[in-house]
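The values are calculated or read from the model by the stated rules, or taken from the named source; none is laboratory data. Keep in mind that what you see is a predicted model, and the values were worked out from it rather than measured. Positions of Cβ are generated from backbone atoms using ideal geometry, with glycine treated the same way; all protein chains shown enter the neighbour counts. These area figures cover heavy atoms from the full protein model, side chains too; ligands, DNA and RNA do not enter into them. Shrake-Rupley method; radii C 1.70, N 1.55, O 1.52, S 1.80 Å.
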Amino acid sequence: MDVSRETFERLKSYEGDVISWSAKKNLISKGDLETVWSRHILDCAQLATFAALDGRWIDLGSGAGLPGVVLALLADKSGFHMTLCEPNGKKASFLRQVCYRYGLRANVAKTRVEDMHPAEIQDFDFVTARAFQPLDRLMTLAYPILANDARGLFMKGEGASDEWDEANADWVLSGELHPAIVSTGSSIAVIDAVQRRS
C-alpha cells in the first residue's frame with residue numbers, strides 16, 4: 001500500500017504502543033512481540049484492498065485493535081467511523097487511549113457483540129474480525145449486522161477452507177475466500193450476504 005509519511009509514522013508509533021502495553025497487559029502473545037509489524041499491522045492493513053475506507057465499520061473482538069485500529073489509522077475520509085467491540089476491560093482501556101492519542105474516528109464498545117442492542121448494530125456498512133471465532137460461530141454473531149446489508153471482511157488462518165465448508169452447512173454464504181497477501185496460507189473471507197439455511 002502507498003501511504004503518506006505521516007500515516008506510516010502513526011502506524012509505527014501504534015506498533016510501539018502494542019509492544020509496550022503487551023509487556024504489561026498481554027495484548028498479544030509474547031512470541032509475537034518481535035513480529036508485530038509484519039504479522040499483525042501489515043496483515044491487517046491488507047483489508048484496505050478489499051473495501052474503500054469509508055462508511056461505518058465495526059470490529060468484533062478488537063483486542064489490541066487488530067484490524068480495527070489499523071484501518072482507522074489508514075482512513076483519511078471524514079465519512080469513516082470505526083466501532084471497536086471489546087469486552088475485556090484492560091484491552092478496552094488500551095483501545096480508548098489509542099483512539100484519543102491518534103484522534104481516530106472511532107469509539108470503543110466495552111461489550112460483546114451479542115449483548116449490543118439491536119438498534120446499535122443496524123447502521124454498519126462493514127464488519128471485521130481477526131482470530132476471533134470459527135466462521136460458523138462468527139456468522140451467528142455477525143448475522144444481525146450482515147442482515148442489514150453490511151459486508152463482512154473476516155481474517156482467517158490456514159483452516160479457512162474447512163471453516164467455509166462448515167459454515168455453509170448452516171448458512172448460505174454469498175462471497176468468497178481470497179488468499180491473504182501477507183500471511184502465506186491465510187485467507188480473507190469476504191461475505192457480501194448471508195442467509196440461514198432452513
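Miscellaneous remarks
- The aspartates and glutamates whose alpha-carbon is closer than 13 Å to the alpha-carbon of Lys25, local same-chain residues fewer than 8 away aside, are Asp17.
- Loop trypsin sites (Lys or Arg not before Pro), the stretch 13-96 (other Cβ atoms within 10 Å of the site Cβ: 11 or fewer; DSSP): Lys77
- Each Lys and Arg contributes +1 and each Asp and Glu -1, all at the Cβ; summed about the Cα centre of the stretch 82-198, the dipole is approximately 720 debye.
- Evaluating 6.51 cos²θ - 1.76 cosθ + 1.60 at θ = phi - 60° for every residue in the stretch 49-58, the Karplus couplings come out as 7, 9, 6, 5, 7, 9, x, 9, 10, 9 Hz, glycine and proline recorded as x.
- For the residue pairs Lys77/Lys156; Lys90/Lys110; Lys30/Lys91; Lys24/Lys90; Lys77/Lys110, the C-alpha atoms sit more than 18 angstrom apart in Lys77/Lys156; Lys77/Lys110.
- Centre separation in Å (Cα based) which lies between the stretch 119-198 and the stretch 1-53: 22 Å
- Taking the helices alone, the chain has a mean residue ellipticity at 222 nm of -10000 deg cm²/dmol, built from -39,500 (n - 2.57) per DSSP H run of at least 4 residues and averaged over all its residues.
- Average accessible area per residue (Å²) across the chain - probe 1.4 Å, nucleic acids and ligands excluded: 49 Å²
- Share antiparallel - DSSP beta bridges, the chain, percent rounded to 5: 45 percent
- Given charges at beta-carbon only (K, R positive; D, E negative), |dipole| of the stretch 1-147 in Debye: 540 debye
- Residue-by-residue Karplus 3J(HN,Hα) for the stretch 22-36, coefficients 6.51, -1.76, 1.60, Hz, glycine and proline x: 5, 5, 10, 10, 6, 5, 10, 5, 4, x, 9, 5, 8, 10, 4
- Positive end of the dipole of the chain (Cβ unit charges, origin at the Cα centre): among Trp171, Leu33, Leu138, the Cα lying farthest that way belongs to Leu33.
- Close amide-amide hydrogen proximity is noted between Gly175 and Asp192, each under 5 Å apart and 5 or more residues distant or on a separate chain (H modeled in the peptide plane; Pro and chain starts excluded).
- Calculated volume of the Cα convex hull per residue in Å³ (choose from [x] 142; [y] 110; [z] 207), label: [y]
- Close amide H pairs (under 5 Å, H built 1.01 Å from N) link Arg151 with Phe126, Val127, residues at least 5 positions away or on another chain.
- Per-residue ³J(HN,Hα) for the stretch 155-161, Karplus 6.51 cos²θ - 1.76 cosθ + 1.60, θ = phi - 60°, Hz, x for Gly and Pro: 8, 10, x, 5, x, 4, 5
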